[in-house]
Amino acid sequence: MMYLTAHSGSDQTPENSLAFANFFKDKKGIDVIEVDVRCNPQGELVLSHDALEKKEYVRLSELLLILEGTTIKLNCDLKEANLEQKVYQLAQKNNQWSQIYLSGNVSLNYLKNWPEQLLINLENFVGHQGQSPMWEEDDACEKLEWLGQQGARVINLSHLFYTERLARKGNELELSFSLWTVDDLADIRRYQDQGIFNVTTRRAMEYLNQQEVFR
């Protein structure tokens, strides 16, 4: 079964907002919601994709309260290093750690503790040119094997970089893939048919509504 993740701001909701969380928290077929996490000067975890400015941001603690008592999972895309323990302590305090995935700036040191909850970004370890799928597949496959040896279970990468060769290598290593950000509805369906572990999209409800029409 493929997880379907609603990217922050999916389906024209405000990005990194409580409105986004409220909209998706009880939507059948939405398995995960994704937000961007940073730490403000006061040491609080807040939601923001870009570097923080002098203004108010939604706190991660506020969002966790909204998700309390739900089954939906939360992918915290860490936009800064060394936030893993802060997220863990906050979620654990609320008995919500089992709902959390971590991606983005994640240290491999935590794989021994939380192997199933870390979505390891392959692009962090392979050189490439911006968002263009221009990298050496030999290098990518070597890094994939190395990450497997470090204990990675789920590899997170842009769907633009996902190739047949990479898929075969991942299958050999018994690794799962989490692909972002897939906004072509036909591509989402294709990845679902392939048994991809997770797809992140900005068109989550639109995709579910389309599938309902075709049933």
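The values are calculated or read from the model by the stated rules, or taken from the named source; none is laboratory data. In this text, all values refer to a predicted model and were calculated from it rather than measured experimentally. Backbone-built Cβ (ideal geometry, glycine too); neighbour counts: all protein chains shown. Keep in mind that these areas ignore ligands, DNA and RNA; they rest on the heavy atoms of the full protein, side chains included. Shrake-Rupley method; radii C 1.70, N 1.55, O 1.52, S 1.80 Å.
Take Trp146 and decide whether it is hydrophobic (A, V, I, L, M, F, W, C), closer than 25 Å to Asn82 by Cα, open to solvent by 90 Å² or more (accessible area, probe 1.4 Å) and touching a residue at least 12 places away in the same chain (Cβ under 8 Å).
yes
Picking from Lys86, Lys55, which residue would you name as being of a type outside the set (A, V, I, L, M, F, W, C), touching a residue at least 40 places away in the same chain (Cβ under 8 Å) and open to solvent by 30 Å² or more (accessible area, probe 1.4 Å)?
Testing whether each residue is of a type outside the set (A, V, I, L, M, F, W, C), touching a residue at least 40 places away in the same chain (Cβ under 8 Å) and open to solvent by 30 Å² or more (accessible area, probe 1.4 Å) leaves just Lys86.
Of the numbered conditions (1) in contact (Cβ under 8 Å) with a residue 12 or more places away in the chain; (2) crowded, with 18+ Cβ neighbours inside 10 Å; (3) more than 23 Å from Arg190 (Cα to Cα), Thr13 fails exactly one; give the number of that condition.
For Thr13, the failing item is (1).
Within region 95-105, can one find any residue that is surrounded by 13 or more Cβ atoms within 10 Å (Cβ to Cβ) and over 28 Å from Gln194 (Cα atoms)?
yes
For the condition at pLDDT 95 or above and touching a helix residue (DSSP H, G or I) at 6+ places or on another chain (Cβ under 6 Å), what is the one hit in Gly69, Gly29, Gly43?
Being at pLDDT 95 or above and touching a helix residue (DSSP H, G or I) at 6+ places or on another chain (Cβ under 6 Å) holds for just one of Gly69, Gly29, Gly43, which is Gly29.
Please state which one of Glu123, Glu137, Glu80, Glu84 is within 22 Å of His7 (Cβ to Cβ), at pLDDT below 95 and charged (D, E, K, R).
Glu123
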